[in-house]
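There's a structure below that I have some questions on.
Every number here is computed from the coordinates shown, using simple stated rules; none is lab data. Just so you know, these numbers come straight off a predicted model, no measurement behind them. Here the Cβ is made from the backbone with ideal geometry for all residues, glycine too, and neighbour counts use every protein chain on show.
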């Protein structure tokens with residue numbers, strides 16, 4: 001009986017030992033598999049080589065969209081030259097006038113009195129001169145008889161008639177001056193245009209600016225011919241082309257596009273805006289466009305010469321530098337550059353580069369300078 005118990009206990013221990021051995025082996029195999037998976041997950045994945053492209057030259061045709069202003073080709077504020085009163089107005093706001101057309105007549109009674117006085121003095125001086133000249137001529141005829149007239153008397157008579165002639169010329173000039181001043185009481189249009197402002201009425205006292213009139217009598221503008229004025233930023237002035245065509249639109253006529261030709265460049269930058277004034281001539285025969293309108297101008301800026309043109313993504317703008325990434329013999333090199341104009345995802349490029357250089361198309365600071373690409 002005791003021998004049978006011993007045998008059973010031995011068989012139980014053997015079974016437990018075999019089970020423990022098998023479990024231990026399975027646990028060790030699972031640990032090895034887990035470690036292999038972990039190592040595979042932590043292993044670095046080889047980075048795909050970035051796409052490169054050959055550097056080439058090209059011409060970037062860019063357009064500058066900027067606001068502009070339409071102004072009259074000619075504009076003038078008309079003031080009275082002499083202090084006077086408005087007698088009659090012949091035009092009003094909106095009147096279309098021709099060059100030389102009478103606009104207003106004024107009156108100044110003191111000028112009329114001055115003219116009458118000058119005329120009287122002129123006639124008086126004419127009479128004095130006629131008398132002194134006649135006296136001199138008689139003395140000359142008499143002096144032909146020896147011993148009748150002394151040379152001194154003859155000289156004095158000649159001097160007197162010459163003095164009277166000078167006084168006559170002075171009186172005539174004074175008369176003409178007042179007569180010319182009276183002409184300023186009529187104001188005529190200096191050129192063809194439209195009266196855009198009127199600031200006086202009949203009977204108003206007017207005079208030169210600051211001396212009777214703070215505002216002009218009329219403002220005259222030429223509207224059949226306009227100027228389109230645009231301020232071009234300094235960075236774009238090098239691409240301006242005289243005689244180039246531009247297109248523009250205005251809010252009042254959104255369904256129409258207008259054309260104009262560049263005629264004048266200021267040749268200097270505005271000290272405040274750091275921009276160059278550019279003027280275009282606009283034909284406005286139908287007078288649909290009005291002076292003072294704001295236009296949206298599409299100004300073409302063609303390149304004068306070919307330059308390096310690259311995708312904008314190839315340029316890295318860091319806080320310290322602007323550069324592109326050149327690849328030479330699988331080695332990365334950061335090359336400092338300067339950017340030009342941008343248009344449709346392309347950018348002009350200037351720097352120590354050569355045509356045919358291999359540049360990375362999508363560049364970034366994570367591609368370190370001097371590293372190798374495989």
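If you line up the long axis of helix 151-183 against the longest principal axis of the chain, both from Cα atoms, how many degrees apart are they, to the nearest 10?
Around 50 degrees separate the two axes.
Using alpha carbons only, how many degrees (0 to 90, rounded to 10) separate the axis of helix 109-142 from the longest principal axis of the chain?
50
Another question about this same structure. For the residue pair residue 102 and residue 182, what label-to-label distance in nm results when each label sits 7 Å from Cα along the Cα-to-beta-carbon direction?
1.4
Using Cα pairs under 8 angstrom and six or more residues apart, how large is the relative contact order of segment 206-352, in percent?
The value is 20 percent.
What is the order of 85, 218, fewest Cβ neighbours within 10 Å to most?
Neighbour counts put them in this order, fewest first: 85, 218.
Helix 2-42 versus the longest principal axis of the chain: what is the Cα-based angle in degrees, 0 to 90, to the nearest 10?
It is inclined by approximately 20 degrees.
While we're here: Starting from the Cα gyration tensor of segment 242-284, take the square roots of the eigenvalues, sort them a ≥ b ≥ c, and report rounded, prolate or oblate (rounded when a/c is under 1.5, otherwise prolate if a/b is larger than b/c, else oblate).
Oblate, because a/c is 1.5 or more while a/b does not exceed b/c.
Identify which of 209, 257, 124 has the largest mean-square fluctuation in a Gaussian network model of the chain, with springs joining Cα atoms closer than 10 Å.
Among 209, 257, 124, the largest mean-square fluctuation in the Gaussian network model of the chain belongs to 124.
Between residue 286 and residue 52, what length comes free when the chain is fully extended (0.36 nm per residue of separation minus the Cα-Cα distance, one decimal in nm)?
Taking 0.36 nm per residue and subtracting the Cα distance, the gain is 78.6 nm.
Determine the relative contact order of the chain: mean sequence separation of Cα pairs under 8 Å and six or more apart, normalised by residue count, in whole percent.
Here the relative contact order equals 24 percent.
Which entry is the computed P(r) over Cα pairs in 20 Å bins from 0, in percent for this structure: (1) 25, 43, 26, 6, 0; (2) 25, 52, 18, 4, 0; (3) 16, 23, 19, 17, 11, 7, 3, 2, 1, 1, 0?
Correct label, based on the coordinates given: (3).
For residue 119 paired with residue 151, estimate the spin-label separation in nm (one decimal), with each label point 7 Å from Cα along the Cα-to-Cβ line.
The answer from the label model is 4.7 nm.
If contacts are Cα pairs under 8 angstrom and at least 6 residues apart, what is the relative contact order of segment 78-188 in percent?
Relative contact order, segment 78-188: 42 percent.
In nm, what is the difference between 0.36 nm times the number of residues separating residue 313 and residue 112 and their Cα-Cα distance?
64.2 nm
I've got another one for you. Can you give the calculated 222 nm mean residue ellipticity of the chain, where each DSSP H run of n ≥ 4 adds -39,500 (n - 2.57) and the sum is split over every residue, rounded to the nearest 500 deg cm²/dmol? Could the numbers behind the result be given before it?
Numbers: 3 runs with 108 residues, N = 374.
Result for the chain, helices only: -10500 deg cm²/dmol.
Label residue 75 and residue 263 with points 7 Å out from Cα along Cα→Cβ: what is the distance between them in nm?
1.6
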